[in-house]
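Written below as structure tokens is the structure these notes are about.
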Amino acid sequence: MVVVMEVGASENQIEAVIEQLNNHGFDVHRSSGSRQTVLGAIGVRPEFDQRHIRLLDGVAEVHRVTEPYKFASRAWKKDNTIVTVKGVDIGGEEIVVMAGPCAIEDEEQIDKTAAHVAKNGATFLRGGAFKPRSSPYSFQGLGLPGLKMMRGAADRHGLRVITEAMDISQIEVVYEYADIIQIGARNMQNFPLLKELGKIDKPVLLKRGLMATIEEWLMSAEYVMAEGNLDVVLCERGIRTFEPSTRNTLDLSAIPVVKAKSHLPVIVDPSHGIGIRNKVVPMARAAIAAGADGLLIETHPDPESAKSDGPQSLYFDQYSELMRQIRLIARAVDRSVNSILVA
């Protein structure tokens, strides 16, 4: 059950509601991440009469939620959530494109990429300063210098920044330079990290784990939201199956399934989902047709020399053509994409 307090509800009113819920056997999680305090009452009480709570002073709404994820559930919030980042709405009418290299390598690389993706309609610059790699001998990222390069390139070209924090110790420095903090697939169930990100006031992009069910993915979003941060964006990036033809199996069926279950925005990362450059564009097109709210795309000035994931990174001309194509598809499904075009 979710209890939404009135705007301006007093601390005494909130505490009185919490006490009543506890008296009826509920564990209560308090969220004060927005203008209104929201109380998540956890417990199976099918016979409980919600009027016991609805009639208390300061209570605006009471919702019974049967799913194990409460705040992420569409049963709690019927309308789609729109996450706004410096004037850009994620989850609204416009498709949002986040593009850039897998890893930040040097000043020239990230600036060239930022200039190109901005000129072709992206609104976010993506790139990794801290890289979770399967091999300890692979390029691990530039760390803080990379974050500074990325922030500078984004600011010069009018972009917002999305980048990954791999553990709790990195949150503070990533928070300083990023507009959205990304949680990678390997960390989808890093619950201490998720809880800490629930305490900050910046949006979180949560990638689906390699072998996670949709319910597990939404439960991970719940960890962030239960701590007070309701600005969560979900990212489908492919799951591991028995099929070896692609790096992962991009589960585009997850888009309509999640949208029926949750009010949160859903974007798609076809670069990691497929892992093969010439298959990224068709899967990006399919993602928009399936109802995705945005794309996370890897592109690089010279993919052959990339230090990370070059085979899945688009050439600049491929990225430009992708943007042209998805504008057409977006129009067909009553959406739009940033109208900037190559001069």
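The values are calculated or read from the model by the stated rules, or taken from the named source; none is laboratory data. Values in this document were obtained by computation on a predicted structure and should not be read as measured data. Virtual Cβ from ideal backbone geometry, glycine too; neighbours counted across all protein chains shown.
For region 279-291, the condition holds for at least one residue, the condition being that it is over 20 Å from the mean Cα position of the chain (by Cα), modelled with pLDDT of 95 or more and closer than 14 Å to residue 97 by Cα.
Examine region 91-106 for a residue that is crowded, with 16+ Cβ neighbours inside 10 Å, of a type outside the set (D, E, K, R) and modelled with pLDDT under 90, and state whether such a residue exists. No - not one qualifying residue is present in region 91-106. Within region 287-300, the set of residues being in contact with a helix residue (DSSP H, G or I) (Cβ under 8 Å, 6 or more places away or on another chain) and either buried (at least 24 other Cβ atoms within 10 Å of the Cβ) or part of a helix (DSSP H, G or I) (or both) comprises 287, 288, 289, 292, 295, 296, 297, 298, 299, 300. Taking into account only those residues within region 226-254 that are hydrophobic (A, V, I, L, M, F, W, C) and within 14 Å of the chain's Cα centre (by Cα), which is farthest from residue 182 (Cα to Cα)? The extreme case among them is 230. Checked against (1) assigned to a loop (DSSP other than H, G, I, E, B); (2) small (Gly, Ala, Ser); (3) surrounded by 21 or more Cβ atoms within 10 Å (Cβ to Cβ), residue 271 passes all but condition (1).
Every listed requirement among (1) farther than 28 Å from residue 111 by Cβ; (2) assigned to a loop (DSSP other than H, G, I, E, B); (3) in contact (Cβ under 8 Å) with a residue 24 or more places away in the chain is met by residue 186 save one, (2). When every residue of region 125-136 is checked against the conditions, at least one turns out to be surrounded by 24 or more Cβ atoms within 10 Å (Cβ to Cβ), among the charged types (D, E, K, R) and in contact (Cβ under 8 Å) with a residue 12 or more places away in the chain.
Whether a residue is acidic (Asp, Glu), without any contact (Cβ under 8 Å) to a residue 60 or more places away in the chain and outside the structural domain of residue 37 (by TED's automatic domain parsing) was assessed, and residue 172 passes this test.
From the list 93, 67, 61, which residue is touching a residue at least 40 places away in the same chain (Cβ under 8 Å) and in contact with a Ser or Thr (Cβ under 6 Å, 6 or more places away or on another chain)? Outline the logic, then answer.
Numbers: 93 fails: in contact with a Ser or Thr (Cβ under 6 Å, 6 or more places away or on another chain); 61 fails: in contact with a Ser or Thr (Cβ under 6 Å, 6 or more places away or on another chain).
Selected residue: 67, the only one of 93, 67, 61 that is touching a residue at least 40 places away in the same chain (Cβ under 8 Å) and in contact with a Ser or Thr (Cβ under 6 Å, 6 or more places away or on another chain).
With respect to (1) within 26 Å of residue 260 (Cβ to Cβ); (2) in contact (Cβ under 8 Å) with a residue 40 or more places away in the chain; (3) not aliphatic (A, V, I, L, M), the lone exception for residue 6 is condition (1).
Please specify each residue of region 123-144 satisfying the condition of being of a type in the set (Ser, Thr, Tyr) and either assigned to a strand (DSSP E or B) or farther than 24 Å from residue 335 by Cβ (or both).
Residues of region 123-144 that are of a type in the set (Ser, Thr, Tyr), as a first pass: 123, 134-135, 137-138.
Across region 123-144, the qualifying residues are 134, 135, 137, 138.
One line per residue, one yes/no per condition, for (1) surrounded by 17 or more Cβ atoms within 10 Å (Cβ to Cβ); (2) closer than 25 Å to residue 96 by Cβ; (3) at pLDDT 95 or above:
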position	(1), (2), (3)
139	no, no, no
154	yes, yes, yes
162	yes, yes, yes
165	yes, yes, yes
189	no, no, yes
203	yes, yes, yes
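Here are some conditions: (1) at pLDDT 95 or above; (2) touching a Pro at 6+ places or on another chain (Cβ under 6 Å). Residue 310 meets all but one. Which one does it not meet? Here residue 310 meets the rest and fails (1). Looking only at residues in region 212-239 that are assigned to a loop (DSSP other than H, G, I, E, B) and modelled with pLDDT of 95 or more, the one that is farthest from residue 273 (Cα to Cα) is 231. For region 243-254, the set of residues classified as surrounded by 16 or more Cβ atoms within 10 Å (Cβ to Cβ), of a type outside the set (Asp, Glu) and at pLDDT 95 or above consists of 250, 252, 254, listed by residue number. Among the conditions (1) surrounded by fewer than 19 Cβ atoms within 10 Å (Cβ to Cβ); (2) touching a His at 6+ places or on another chain (Cβ under 8 Å), residue 240 misses just one, which is (2).
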